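A.B. asks: Just dropping this structure here.
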Amino acid sequence: MSDAPPLLTVRELKSPELHAGAPFAAVLVVKKLQVKTASNGNPFLSLELGDRGGSFSCTLFGDSPLFDPIKNAGDGAVVRIEGRSDSFQGRFSPKIFKAAVLSEEQIAAEPGLVDALVELPPENGAELWAEFQTFIDLIRHDELRMTVRGVFEEIGEAFRYAPAAVAMHHAYRHGLLEHTLHMARACRALLPLYLEVDPDLALAGILLHDTGKTIEYEGTLATKRSRRGILQGHVVLGYQLARKHGIKARLDPERLERLEHIILSHQGEPEWGAAIYAATAEAVFVSMIDNLDAKMGMVQRTLRQADPAQEFSERLPGLNTVLLTRPVGA
């Protein structure tokens, strides 16, 4: 008989049925890796490891033989780990004593491995993209519609597959498309309530607001910020895309300025990444819908990944609280 521990998913690792100290093995993606320094001056790795069903954080100290191999592998590496179940401050945080970085050949040789590691939205990506095209067609102003279409002719393939964030919301393949389409649906439902909002500008602003993220983020199995993403950020990158294609489409200066303002202000607060506060009816409208869908996206993802045996989720940084995950009446 083999002494190898069972190969488990993140959902199984977080299950209360896995008792403290239980041995396990797992194949996971390094979603996030940070080198930090402890109070005694020694380095350690703060890791986020995950698969399509969720993720967890753990720590590797500098004196561990695993420190250098994992550090050198970096974000996006696929690792096979062995360890024992443990928790820290109520969160699953295992002790890892074996780790091996899988090569591209080893990953390709395991049927279904990539699908098991890459998180997807509940809606089909091709259907999301087809519906997205119909919202571009709803923009009645010709030059505004041409501006939007021009942006997506440039970035469409990247936009279809990009995540909407590194960690906070819709942080998975097709996440950016899902987030933007949900906002467009909300926009169409809410516009009749706010007659002061120009429908074409609001919809164009929503479709373009996060397009800079196709440049800000990079990576296939894990998302990290690119050089331009770090130096400029998605707000400025999206503004540049809109301006470039607005000028090309001969969009009138006032509408172009208002469209640029929506993109520059959609993050809401400068501390959240906005270049400026929203100062038009359309910009306020788009910023509020963006905030709503970002937070509800966190809720939806948490409920999808919830353990039926647990009443509350772990603390969600984006909501500053835990979330009650049991349905009404359960």
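A.B. asks: With Cβ to Cβ distances under 9 Å as the rule, what net charge do the other residues near H266 carry (K, R +1; D, E -1)?
C.D. replies: Net charge in that neighbourhood comes out at -2.
A.B. asks: Please work out which option in [x] 21.0; [y] 22.9; [z] 21.5 gives Kirkwood radius over Cα pairs in Å calculated from these coordinates, and answer with its label.
C.D. replies: It is the one labelled [z].
A.B. asks: Amide H neighbours of R52 under 5 Å, counting only residues 5+ apart in sequence or on other chains, H built in-plane at 1.01 Å?
C.D. replies: Distant-sequence amide H within range of R52: L117, V118.
A.B. asks: So if we plug the beta-carbon distance of A281 and E131 into 1/(1 + (r/R0)^6) with R0 = 35 Å, what FRET efficiency do we get, rounded to 0.05?
C.D. replies: On the way: r = 26 Å, r/R0 = 0.74.
The pair A281/E131 has a calculated efficiency of 0.85.
A.B. asks: What distance in nm separates the two pseudo spin-label positions at N320 and E104, each 7 Å out from Cα along the beta-carbon direction?
C.D. replies: The two pseudo-label positions are separated by 4.5 nm.
A.B. asks: For segment 272-282, take each phi angle, set θ = phi - 60°, evaluate the Karplus expression 6.51 cos²θ - 1.76 cosθ + 1.60, and give the result in whole Hz per residue in order, putting x for glycine and proline.
C.D. replies: Using θ = phi - 60°, the values come out as 9, x, 5, 7, 7, 6, 5, 10, 10, 4, 5 Hz.
A.B. asks: Among the listed pairs K71/K244; K31/K244; K31/K248; K213/K248; K224/K244; K32/K213, give every one whose C-alpha distance is greater than 28 Å. Intermediate results must be reported in sequence, preceding the final value.
C.D. replies: Values: K71/K244 39 Å; K31/K244 33 Å; K31/K248 38 Å; K213/K248 21 Å; K224/K244 26 Å; K32/K213 18 Å.
In this structure, K71/K244; K31/K244; K31/K248 lie more than 28 Å apart at Cα.
A.B. asks: Turning to a different aspect of this structure: Please state the relative contact order of the chain as a whole percent: Cα pairs under 8 Å, 6+ residues apart? If you can, show how the numbers build up before the last one.
C.D. replies: Values: 576 pairs, mean separation 44.5, N = 330.
Value for the chain: 13 percent.
A.B. asks: Further question on the same structure: Quick one: Karplus J couplings for segment 21-27, per residue in order, coefficients 6.51, -1.76, 1.60, θ = phi - 60°, nearest Hz, x for Gly and Pro?
C.D. replies: Once rounded to whole Hz, the list reads x, 5, x, 7, 10, 7, 10.
A.B. asks: So what J values fall out for segment 157-163 if you push phi through Karplus, 6.51 cos²θ - 1.76 cosθ + 1.60 with θ = phi - 60°, rounded to Hz, Gly and Pro as x?
C.D. replies: After applying 6.51 cos²θ - 1.76 cosθ + 1.60, I find 5, 5, 4, 4, 10, 5, x Hz.
A.B. asks: If each residue of separation counts as 0.36 nm, what is the full-extension length gain between S64 and A4 once their alpha-carbon separation is subtracted? All intermediate terms of the calculation are to be shown ahead of the outcome.
C.D. replies: Working: separation 60, 0.36 × 60 = 21.60 nm, distance 2.11 nm.
The span from S64 to A4 would gain 19.5 nm if fully extended.
A.B. asks: Let me ask something else. At 7 Å along the Cα-to-beta-carbon direction for both A309 and R188, put a label point, then send me their distance in nm to one decimal.
C.D. replies: With each label placed 7 Å out from Cα toward Cβ, I get 4.3 nm.
A.B. asks: Specify the angular offset, from 0 to 90 degrees and rounded to the nearest 10, of the alpha carbon long axis of helix 233-248 from the longest principal axis of the alpha carbons in the chain.
C.D. replies: 30 degrees
A.B. asks: Between F97 and W272, what length comes free when the chain is fully extended (0.36 nm per residue of separation minus the Cα-Cα distance, one decimal in nm)?
C.D. replies: On the way: separation 175, 0.36 × 175 = 63.00 nm, distance 3.79 nm.
Gain in length upon complete extension: 59.2 nm.
A.B. asks: Right, another one. Given Cβ point charges of +1 (Lys, Arg) and -1 (Asp, Glu) and nothing else, what value in debye, to the nearest 20, does the dipole of segment 10-117 about its Cα centre take?
C.D. replies: Working: 12 positive and 13 negative charges, 81 e Å.
For segment 10-117, the charge dipole is close to 380 debye.
Since every read-out is calculated from the coordinates, none of them should be taken as a lab result. This is a predicted model, so every value here is computed, not measured. Reconstructed Cβ throughout: ideal geometry from the backbone, glycine too, with neighbour counts over all protein chains shown.
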